[in-house]
Amino acid sequence: MIKFPQDFFWGAATSSYQVEGQNVHADWWPWEKKAGKENSGDACRHYELYRQDFDLAQSLNHNAHRLSIEWSRIEPKEGELSLEALDHYIDVIKSLRARHIEPMVTLHHFTNPIWFSEQGGWVNPRCVKRFLRYCDFVTRVLAKHVHYWFTINEPTIYFSHAYLWGMWPPQERSFFKTKAVGDQLNEAHIEAYRLIHKIYHELNIAPPAVSIAHHMQAIVGCTQGLRNRWAVALREQLYNLEIIDRLTRQKALDFIGVNYYSRHLVDVRSWWIGNLLMETCKGNHHPLKKNFLGWDIYPQGLHHVLLNLKKYNLPVIIAENGICATDDQQRWEFIREHLKNVHLAMQEGVHVKGYLYWSLLDNFEWAYGFAPRFGLIDVNYQTQQRTVRESAKKFAQVCKTGVLE
Ligand code: FCB
């Protein structure tokens, strides 16, 4: 039997674009159509159905919920910040509080307003200023309702998918733009961190807790050869720790938000820097069970990732961890095994404060569309009917008791 602390945060995460539906002012909206991808359309109609969805979260004993604010709703045209759009999110947050669920708010989760993207998005030197104007507007109003903030979701995934691999809008494949966007996102976080703290101070509200949600992978060498060990160390630093190093140097993290899904297998054939940094295993070494999208299921990696964060001496919140699966039994096993590893890391001195499963609902999984089912709750996209999965009920027991049998 494993016991978690009494004040542990238990819940799930979502993001606006993936669940709300009809986010017509976001850059993904026209891009889905242009790129011939499945359209997000009505998604889960969570924009209207959030109260009923939060009733379900409450019935599942969640005491925390991570959501994101859709920038393109707040500022559909440059400089025209909508109080009415913000009212909606005030109500969303109040609805959580009324159900004794702590709201944790993300300001940027992959999508941008169309006008922002049309003017060069995160490459434009004015992007940080623009982002801060939106953050300022939102924070001043939400400060009294929100304590936990995530400024930017997965900066490294965002810039690599959108600017290096050309997989997401604006589909660039440029090393220089990737580097520039990475720097701007860091800057955006640091400035937003300071701004949020400043606003709380001005409003005489107790200091907030602000972080990013950082995508971390377990990086594992197929063999223990010298090249692989080098490559693992290099990637560990570059993909997992670099951003945390940078942000902690600037004293711009109150905790560390971790998104963890899978492992990254390293098998390098030459000493060329490109291979050291990027070549992954092509063989089927050390095969593991996989999720619906083919990602390795590797629970012990979460323990490893968490231990690597110990040196920063900051609280950690697992801001996302989840599986897309057709077999719901697999989902429960995934949660159970990952929780065991979270607990192990806690026993070894990592201060983990909460675990948020990705996701509360099945939703729009970006370029993969609606096929991957990540939800604790099944969504029938024809009828918008919700059905609580068995795994959700098992997880609900842990949320209630803090005990994993
Ligand atoms: C993460 C994203 C989240 C979701 C999950 C499966 O990288 O933050 O929006 O797509 O992956």
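Structure data summary
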item	result
Estimated inter-spin distance, Glu348 and Val403, nm [label 7 Å along Cα→Cβ]	2.7 nm
Positive-end residue, the chain charge dipole about Cα centroid, Cβ charges, pick of Ser391, Val403, Asn380	Val403
The chain - charge dipole about Cα centre, Lys and Arg +1 at Cβ, Asp and Glu -1, debye rounded to 20	840 debye
Highest-MSF residue in the chain out of Asn204, Asn259, Asn61 [GNM, Cα springs under 10 Å]	Asn204
Estimated dipole of region 277-394 in Debye, rounded to 20 [Cβ of Lys and Arg +1, of Asp and Glu -1, Cα centre]	260 debye
DSSP-defined beta bridges in the chain - what % are antiparallel, rounded to 5	20 percent
Residue-wise HN-Hα coupling along region 42-58, computed from phi with Karplus coefficients 6.51, -1.76, 1.60 (Hz; x: Gly, Pro)	7, 6, 9, 6, 5, 4, 9, 9, 4, 4, 5, 5, 6, 4, 5, 4, 5
Region 67-210 pair-distance distribution - Cα-Cα, 10 Å bins, rounded %	12, 41, 33, 13, 1
Chymotrypsin sites (Phe, Trp or Tyr not before Pro) within region 344-383: DSSP coil, no more than 15 neighbouring Cβ in 10 Å	Tyr381
All-pairs Cα distance distribution in the chain, expressed in whole percent, bin size 20 Å	27, 63, 10
Volume of the Cα convex hull of region 236-347, divided per residue and given in Å³	122 Å³
Cleavage-rule hits, chymotrypsin sites (Phe, Trp or Tyr not before Pro), region 268-335, DSSP coil, Cβ neighbours within 10 Å at most 15	Trp271, Trp272
FRET efficiency, 1/(1 + (r/R0)^6) with R0 45 Å, evaluated for Ile273 and His145 via beta carbons	0.40
Trypsin sites (Lys or Arg not before Pro) restricted to DSSP loop in region 212-258 with at most 14 other C-beta within 10 Å	Lys251
Most fluctuating residue given options Cys135, Cys281, Cys127, as computed from a GNM of the chain linking Cα atoms under 10 Å	Cys281
Signed unit charges on C-beta, dipole axis of region 1-125, positive-most listed residue Trp71, Gln6, Tyr17	Gln6
Computed P(r) (all Cα pairs; region 39-91; 10 Å bins; percent)	20, 44, 29, 7, 0
Rg over Rh [alpha-carbon atoms, Kirkwood Rh] for region 139-200	1.12
FRET efficiency for Gln329 and Asn284, using Cβ-Cβ distance with R0 set to 22 Å, rounded to 0.05	0.35
For the chain, built as a Gaussian network whose Cα springs stay under 10 Å, the top-fluctuating residue of Gly322, Gly221, Gly283	Gly283
Helix-derived mean residue ellipticity, 222 nm - over the chain, DSSP H n ≥ 4, -39500 (n - 2.57), to 500	-12000 deg cm²/dmol
Total formal charge among the other residues, if their Cβ is under 13 angstrom from that of Gln52, Lys/Arg +1 and Asp/Glu -1	+1
Label-to-label distance, nm, for residues given as Asn39 and His201 (7 Å Cα→Cβ offset)	4.8 nm
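Coordinate-derived values only; no laboratory data. None of the values given here were measured: they were computed from a predicted structure. Note: ideal-geometry Cβ built from the backbone for every residue, glycine included; neighbour counts use all protein chains shown.
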